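*Asks:* Below is a structure I'd like to ask you about.
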Amino acid sequence: MRTEELLNYFSYDDPAPAQRERPFLTTTEIAPTPWNPHTHLLRIGIKAWEIDTRELPPANLVFLLDVSGSMDSPDKLPLLKRAMSLLSKHLDGDFNVGTVNHQALIDLVERQRGAGIALTTLGFGDGNYNDHKCVATS
């Protein structure tokens, strides 16, 4: 088990800042260590200001999901399917097939960057990420 899986498993219900001017709020807790009476455990929680989703502008999101043979591993495609299922519960709109030409995609990202539109790519598993699809521009 990874440490982050254990820590992120729990919902801590830490308080969030009440105003945008204070972007995050920290909460701390300290308790004796159950297995060593001479030490203590310290938990530091950081919670960001929560944006009212009704204030967000409309967005057109397109997800390109790799379902090729390289994703045929328990730590890849099944994880991606679960992540997209969770994410889709928080999205409205259609999946559109759009530009597939690599240079045309780069050009599109560069044009839209000025309007505050960003491109994020996510890779799951080890290796074979098809890195040329990760567009980096200056």
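*Asks:* Please find, among Leu64, Leu6, Leu77, the residue that is open to solvent by 100 Å² or more (accessible area, probe 1.4 Å), out of contact with any strand residue (DSSP E or B) (no Cβ under 6 Å at 6 or more places or on another chain) and among the aliphatic types (A, V, I, L, M).
*Replies:* Leu64
*Asks:* When you scan region 26-71, how many residues do you find that are in contact with a helix residue (DSSP H, G or I) (Cβ under 7 Å, 6 or more places away or on another chain) and either modelled with pLDDT of 85 or more or closer than 20 Å to Leu7 by Cα (or both)?
*Replies:* 1
*Asks:* Would you be able to tell me the number of residues in region 62-91 that are among the hydroxyl-bearing types (Ser, Thr, Tyr) and not in a loop (DSSP other than H, G, I, E, B)?
*Replies:* Count: 3.
*Asks:* List pairs: first in region 1-14 and in contact (Cβ under 8 Å) with a residue 12 or more places away in the chain, second surrounded by 10 or more Cβ atoms within 10 Å (Cβ to Cβ) and among the β-branched types (Val, Ile, Thr), Cβ under 6 Å, 6+ apart or cross-chain?
*Replies:* Note: pairs meeting the criteria are Asp14/Thr27.
*Asks:* Additional query: Take the residues of region 26-53 that are of a type outside the set (Asp, Glu) and assigned to a loop (DSSP other than H, G, I, E, B): which is least open to solvent (accessible area, probe 1.4 Å)?
*Replies:* Ranking the candidates gives Trp49 first.
*Asks:* All but one of (1) at pLDDT 90 or above; (2) surrounded by 10 or more Cβ atoms within 10 Å (Cβ to Cβ); (3) within 30 Å of Met84 (Cβ to Cβ) hold for Pro23, so report the exception by its number.
*Replies:* Every condition holds for Pro23 apart from (2).
The values are calculated or read from the model by the stated rules, or taken from the named source; none is laboratory data. Just so it is clear, the structure is predicted and the values come from calculations on it, not from any experiment. Glycine also receives a Cβ, built like all others from the backbone with ideal geometry; neighbour counts cover every protein chain displayed. Keep in mind that these areas ignore ligands, DNA and RNA; they rest on the heavy atoms of the full protein, side chains included. Shrake-Rupley method; radii C 1.70, N 1.55, O 1.52, S 1.80 Å.
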